[in-house]
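All remarks here apply to the structure that follows.
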Amino acid sequence: YVRGGDGDAAALVAGLGFWTWRTEEVLALVEWMRSHNRRVAPERHVRFVGIDAQHSGDAVERLAGFLRVVAPEEADGRRAAFDVLREARPGSRPDPAGALRAEMERLVDAVEGRRAEFAERVGEGAVAEAVEDARLLVHSADLISRLFDPADTEGGVFTARERYMAEAVDALVAGSPSRRVVVWAHNGHVASGLCAGVPALGARLRERYGDAYYALGLLFGKGSFRARRGTDVRRPVRRNRIGRPGAHTLEGLLARAVPVDHLVDLRAAGEADAEVREALRQTYAHRTFGAAVPRFLYRLNAAPVVPAEEFDGLAYVARSTCSRPLP
């Protein structure tokens, strides 16, 4: 759709699988990208690509439809696995043996092994998309089968998720060193340190690309945001208010320095006064709100951060307003 195809943008946004994306703001972004592509030459077109294999229902439907055309026996044989992949979420079906992942790996091999045969019937492009979907389902199956245990920093969901997101970004960059990619994710993912106790997506990209990776953190002073209170997905998404940041928080530091919306390029801090350089090397608390926050003490939901070590730049919004959900 972004590159000129037909479709219903609101339905496409809703199909991403996360209520956090199903908003007027994300819809406006998609429409803006489509409009941009209409005005520029094809070599300057932008794309909208997912990197987080948590919700794979659409990939299941596409791949199942492909198999029904080219290899109905494969579609029938994978029906039970596809039913699981449509609905299950990371950590929901722990299986140390990894049977579901192994089944999806066999499916990738099966499609690759008959690639030429399938391409004659439906075209190489359709086969390439099917292989991509099948590989995505390998990742999704692996996340479903792992333990949702923050204490497991080796084999848990959190480690695999950060690694798979980094690999997805690598795949976008591969073969085109000049290609630029903007990765939009929670600060915990884009930072150059740890996320939930494991190397973050940003840490992996920093290791791979060095200074070609620019980690931009997004913070706000006061206002409101939408989130569930508590981890029960049946709880409603609601408006949450937050007041002025504390004096010893990172948000408080930015608010005192420049009280309006602003950007800080931390890479330029080497040329700043000694007092500024020292301030950016201190440890601060900073807010870590996500799709869910603690039920009663969400205003205290914070984590330590050393700005100069975790980020290359900071974007500060003085007042946040709630996203607007689509109907």
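The values are calculated or read from the model by the stated rules, or taken from the named source; none is laboratory data. Keep in mind the model is a prediction, meaning the values are calculated, not measured. Glycine gets a Cβ as well: all are built from the backbone with ideal geometry, and neighbour counts include every protein chain shown. Side chains included, ligands, DNA and RNA excluded: accessible areas come from the protein's heavy atoms. Shrake-Rupley method; radii C 1.70, N 1.55, O 1.52, S 1.80 Å.
Would you please calculate the Kirkwood hydrodynamic radius of segment 250-327 over all C-alpha pairs and express it in Å, rounded to one decimal?
Result for segment 250-327 stands at 14.3 Å.
Counting only residues 5 or more places away or on other chains, whose amide H sits under 5 Å from the amide H of Gly221 once H atoms are built in the peptide plane?
Close amide H contacts, sequence-distant or interchain: Val317, Ala318, Arg319, Ser320.
Given the convex hull over the Cα atoms of segment 82-202, what projected area results after averaging over all orientations, in nm²?
9.0
For segment 97-146, place one equal point scatterer on every Cα, skip the solvent, and apply the Debye formula. What is log10 of I(q)/I(0) at q = 0.16 Å⁻¹?
-0.45
Give me the net charge for the shell around Ala212: Cβ to Cβ below 13 angstrom, other residues only, Lys and Arg +1, Asp and Glu -1.
Result for the local shell: +1.
Excluding Val305 itself, what net charge comes from residues whose Cβ is under 12 Å from its Cβ, given Lys and Arg +1 and Asp and Glu -1?
-1
Of [x] 21.2; [y] 22.0; [z] 19.1, which is the value of Kirkwood radius over Cα pairs in Å derived from the coordinates here?
It is the one labelled [y].
Which three lengths, in whole Å and largest first, does segment 1-48 cover when its Cα atoms are put on their principal axes?
Cα extents, longest axis first: 33, 18, 12 Å.
How much of the DSSP beta bridge set in the chain is antiparallel, as a percent to the nearest 5?
The antiparallel fraction comes to roughly 65 percent.
For Trp19, Trp184, write out the residues from largest to smallest accessible area, computed with a 1.4 angstrom probe and no ligands counted.
Listed by decreasing accessible area, they come as Trp184, Trp19.
I need the phi-derived Karplus couplings for segment 17-33: 6.51 cos²θ - 1.76 cosθ + 1.60, θ = phi - 60°, integer Hz, Gly and Pro marked x.
x, 10, 5, 5, 8, 7, 9, 5, 5, 5, 4, 4, 5, 4, 5, 5, 5
Ordered by residue, what ³J(HN,Hα) values in Hz, to whole numbers, does segment 205-218 give under the Karplus form 6.51 cos²θ - 1.76 cosθ + 1.60, where θ = phi - 60° and Gly and Pro are x?
Result, rounded to whole Hz: 5, 4, 4, 7, 10, x, 6, 5, 9, 10, 8, 10, x, 10.
With each run of n ≥ 4 DSSP H residues scored as -39500 (n - 2.57), what mean residue ellipticity at 222 nm is computed for the chain after dividing by its residue count and rounding to the nearest 500 deg cm²/dmol?
Calculated mean residue ellipticity at 222 nm is -13000 deg cm²/dmol.
Looking at the square roots a ≥ b ≥ c of the eigenvalues of the Cα gyration tensor of segment 168-327, which shape do they give, rounded for a/c under 1.5, prolate if a/b is larger than b/c, or oblate?
oblate
With a cut-off of 8 Å between alpha carbons and a minimum separation of six or more residues, what is the relative contact order of segment 56-146 in percent?
45
May I ask for the longest run of the chain untouched by trypsin sites (Lys or Arg not before Pro) that are loop-located per DSSP and have at most 16 neighbouring C-beta atoms (other than their own) within 10 Å?
That would be 48-113.
Residue-wise, which Karplus ³J(HN,Hα) couplings in Hz belong to segment 305-318, taking 6.51 cos²θ - 1.76 cosθ + 1.60, θ = phi - 60°, and x for glycine or proline?
Values, residue by residue: 8, 9, x, 5, 8, 8, 10, 9, x, 10, 10, 10, 10, 5 Hz.
Any idea what the relative contact order of the chain is, in percent, if you count C-alpha pairs under 8 Å spaced at least 6 apart?
Computed value for the chain: 15 percent relative contact order.
Over segment 1-48, what relative contact order in percent results from Cα pairs under 8 Å that are six or more residues apart?
So the answer I get is 48 percent.
Which whole-number value in Å² is the accessible area per residue of the chain, probe 1.4 Å?
Counting only protein heavy atoms, the per-residue value for the chain is 56 Å².
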